[in-house]
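Accompanying notes for the structure given below.
The values are calculated or read from the model by the stated rules, or taken from the named source; none is laboratory data. All of these numbers come straight from a predicted model, not from anything done at the bench. Every residue, glycine among them, receives a Cβ derived from its backbone with ideal geometry; neighbour counts consider all protein chains shown.
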């Protein structure tokens, strides 16, 4: 966020990681478990909790890759 200007846009790919981010932990296939999944969960939570961020989900490709596009705006 420090490098992004007010009104800037950042794009993140694979933020739902083939749907496993929305699954309960015990239902996630073994090959999706681990630090990468937790890092994506942490990023998503951080963006969702930041009042300066406006999130948009864009459906992309048949593999259901979702991108977050966010804009920073002046926070009071």
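Return the total of residues in the stretch 1-27 being in contact with a strand residue (DSSP E or B) (Cβ under 8 Å, 6 or more places away or on another chain) and part of a loop (DSSP other than H, G, I, E, B). So the count comes out to 10. Of 55, 47, all but one fail to be assigned to a helix (DSSP H, G or I), modelled with pLDDT of 75 or more and in contact with a strand residue (DSSP E or B) (Cβ under 7 Å, 6 or more places away or on another chain); the exception is 47. Looking across the stretch 34-51 at every residue that is surrounded by 13 or more Cβ atoms within 10 Å (Cβ to Cβ) and free of Cβ contacts under 8 Å to residues at least 40 places away in the same chain, the one that is farthest from residue 7 (Cα to Cα) is identified as 37. Just wondering, is there one or more residues in the stretch 7-22 that are closer than 22 Å to residue 58 by Cβ and more than 16 Å from the chain's Cα centre (by Cα)? Yes, there is a match, as at least one residue in the stretch 7-22 is closer than 22 Å to residue 58 by Cβ and more than 16 Å from the chain's Cα centre (by Cα).
Close contacts from the stretch 5-27, counting a first residue that is in contact (Cβ under 8 Å) with a residue 40 or more places away in the chain and at negative phi and a second that is surrounded by fewer than 14 Cβ atoms within 10 Å (Cβ to Cβ) and assigned to a strand (DSSP E or B), with Cβ to Cβ under 7 Å and a gap of 6+ residues or different chains, come to 9/69; 11/69.
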